[in-house]
1. Multiply the residue separation of E142 and T312 by 0.36 nm, subtract the distance between their alpha-carbon atoms, and state the gained length in nm to one decimal.
2. Considering Cα pairs under 8 angstrom that are at least six residues apart, work out the relative contact order of the chain and quote it in whole percent.
3. How many percent of DSSP beta bridges within the chain run antiparallel, rounded to 5?
4. Given a cut-off of under 8 Å on Cα pairs at least six residues apart, what relative contact order in percent is computed for region 15-186?
5. Output the relative contact order of region 196-409, whole-number percent, from Cα pairs under 8 angstrom with separation of 6+ residues.
6. Taking a ≥ b ≥ c as the square roots of the Cα gyration tensor eigenvalues, with a/c under 1.5 meaning rounded and otherwise prolate when a/b beats b/c, else oblate, which class fits region 321-369?
7. Sorted by average packing, counted as other Cβ atoms within 10 angstrom per residue and highest first, what order do 348-357, 117-126, 224-233 take?
8. How much net charge surrounds H143 when only the other residues with a Cβ under 12 Å from the Cβ of H143 are counted, with Lys and Arg +1 and Asp and Glu -1?
Amino acid sequence: MKISGSIEQTLIGKRIVLGVTGSIAAYKAVILLRALLREGACVHVVMTQSATKFVTPLTFEVLSGHPVSTDLFAAQQEMKHLSLPEQADAIVIAPATANCLAKSALGLGDDLLSTMLLTAQCPLIMAPAMDGGMWTHPAVKEHVQTLRARGTVVVDPTMGLLASGQIGQGRLAEEGVILEAVQTALAPRQDWHGQRILVSAGPTQEPIDPVRFISNRSSGKMGYAIAEAAQARGAQVVLVTGPTALSPPRGVEVVSIATAEDMTKALSMRLAWSTVVIMAAAVADFRPKHPLSHKIKKQGPADRALDLERTTDILSFLSAQRTTQLLVGFAAETNDLIAHAKDKLTMKGLDLIVANDVTTAGAGFGSDQNAATLIDRQGSMTELPLMPKRALADAILNHAQALLRARQSNLSPKPANMGRG
């Protein structure tokens with residue numbers, strides 16, 4: 001059995017509570033337990049009653065060297081819901097079922113594990129596993145969003161063959177990925193400390209009349225993921241965002257705007273403050289030339305024309321105004337991806353462009369995943385496969401950091417490590 005982990009133990013002296021819930025993937029928690037132990041952690045296991053149907057508590061007890069907690073009301077486990085989280089450096093729930101995610105998001109406590117989460121003050125890492133289309137169900141997506149907004153690290157499940165025989169996203173992430181999330185939560189990278197990052201996200205809305213507007217399909221998820229990742233890595237972050245349904249990232253200053261003109265003003269006001277600008281917003285290229293002050297009635301002409309004018313090219317505007325800032329743009333394309341991205345990189349004077357094909361299955365607007373090609377002004381191209389947008393955000397920051405270091409040392413940038421931060 002191969003156990004992921006570094007030669008140098010990274011979790012020595014750390015006390016981890018490993019929560020195991022009732023999923024067929026519960027057997028993989030045994031592998032994760034061994035990985036945590038190999039990294040030097042002291043691990044106490046808490047199992048739900050459903051989890052004990054898949055793996056016996058004795059298995060975890062023998063491997064961890066500690067009694068396994070399963071019952072909120074067992075005499076020998078009295079007050080475990082208080083004592084375990086009080087002593088823990090981190091709580092890891094793997095696998096986390098859809099039921100577990102829901103109870104945690106809603107603050108329900110009807111067993112030992114869920115009650116323990118209500119008292120915990122330490123980092124919480126949840127690695128979901130579920131079958132069928134459960135991961136993409138609106139309720140599950142909403143619960144995950146709520147948890148992330150509170151600071152919970154949710155390690156996305158992967159695509160593959162599920163227990164039902166279906167192919168879908170629901171497989172528990174590899175133990176190495178979960179282990180890395182634990183290591184990051186306990187010893188977060190601060191490699192962007194001292195940098196001031198200005199990020200734009202979401203769509204703009206250009207009014208036609210008081211109730212109608214021109215916009216696009218951008219959800220803002222990519223820009224929000226970049227802001228969240230940069231803040232987690234020590235940067236000061238200002239997020240200028242168009243209208244979205246997303247919760248503001250913790251620790252990030254958020255400036256809400258509606259139109260392209262609003263975004264131009266908000267970004268230009270903060271340009272001098274910033275050291276890096278990442279333009280992930282999908283700004284409308286056109287707006288109605290004469291928006292009406294009253295609602296257009298449908299009883300009017302059926303062939304009514306809409307007179308449009310161009311909005312400000314914000315990237316070109318910022319490029320012309322900047323001094324020493326590193327400028328990163330996005331190219332969302334439907335054809336000739338690389339050619340269009342290179343043209344945009346050159347015409348707008350960017351340092352780095354993130355090119356993504358919005359027609360790629362499972363990526364693009366509204367998706368929780370994305371694939372991209374990073375192209376910098378030195379001609380380097382790095383193709384990144386489909387991955388969670390948070391992972392892509394860290395990859396973009398890694399490449400931008402390599403460019404900053406190269407600029408400071410006047411050397412050609414070396415290829416960046418594209419792993420998660």
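What follows draws every value from the coordinates through simple rules; no lab data is involved. These numbers were taken from a predicted model, which means no experiment stands behind them. Ideal geometry is used to build each Cβ from the backbone, glycine not excepted, and the neighbour counts take in all protein chains shown.
1. Answer, rounded to one decimal: 57.7 nm.
2. 10 percent.
3. 30
4. 22 percent.
5. Over region 196-409, the number comes to 20 percent.
6. Since a/c reaches 1.5 but b/c is at least a/b, the shape of region 321-369 is classed as oblate.
7. Going from most to least packed, we get 224-233, 348-357, 117-126.
8. So the surrounding residues net to +3.
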